[in-house]
Amino acid sequence: MSPRSIVLGAVAALVAAGGVYLMIEVRASGAAAPSDKALKEAADRHARVAGSAVRPPRIEDLGAGATGATGGSLAPKNPDLDRRVADAFTRDKVALDQGSAAPDPALNPDFDTAMLEANKLYDRHNYEDARQLALKLLDREPGTVRMLRVVVSSSCILGDAETAQKYWPQLPEFDRGQMTSRCERFGVNFTP
């Protein structure tokens, strides 16, 4: 053994012994135990917090005059938009209750939410569904860069060079460069 190892071992033993000594001293002094008053206050605080559990607002709560747990009004700030969202929610819920398939995210009145769904599908490696949703959204809003990227990238991953080539020229120059690099990994090369 080297002298360095012996010194380090001795220092480690001293630190461990010091820790044990401090633990014994703290326990002996009674400083570690909370007082009965502190325990009672903690129990009371826990009971108050547990008794006031806040539930999230339901769609029915969005009517005029409804209030949240903080007392603030939950009345819609934009009644038209909120009513459309509530109607879409209700329509989708009824469709699911009747046993029909899940609603098509492409029909979501909120375009940003539908685009987010396409991105989530892509992130979950569900490239075919991501591409199909992105194509439907491009029918609604042609030239949306975010959806063009999903279509091109998904098509490359799926080996569909024809679809990737069709939408690649619609991307801005910077995005075309990124997609070119990404798609080369999947054997898809673009021609300008």
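The values are calculated or read from the model by the stated rules, or taken from the named source; none is laboratory data. Keep in mind that this is a model prediction, so the values were computed, not measured. All Cβ positions, even for glycine, are placed from backbone atoms using ideal geometry, and neighbour counts span all protein chains on display.
Data for the structure
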quantity	calculated
Flag if A12 is in a helix (DSSP H, G or I), modelled with pLDDT of 90 or more, out of contact with any helix residue (DSSP H, G or I) (no Cβ under 7 Å at 6 or more places or on another chain) and of a type outside the set (V, I, T)	yes
Which listed residue, of A118, A88, is at pLDDT below 85 and surrounded by 12 or more Cβ atoms within 10 Å (Cβ to Cβ)	A88
Residue check, A102 at pLDDT below 90 and of a type in the set (A, V, I, L, M)	yes
Some residue of the stretch 169-183 being at pLDDT 90 or above, surrounded by 19 or more Cβ atoms within 10 Å (Cβ to Cβ) and outside any loop (DSSP other than H, G, I, E, B)	yes
Residue, farthest from A114 (Cα to Cα), within the stretch 153-192, restricted to residues that are aliphatic (A, V, I, L, M) and touching a Leu at 6+ places or on another chain (Cβ under 7 Å)	M179
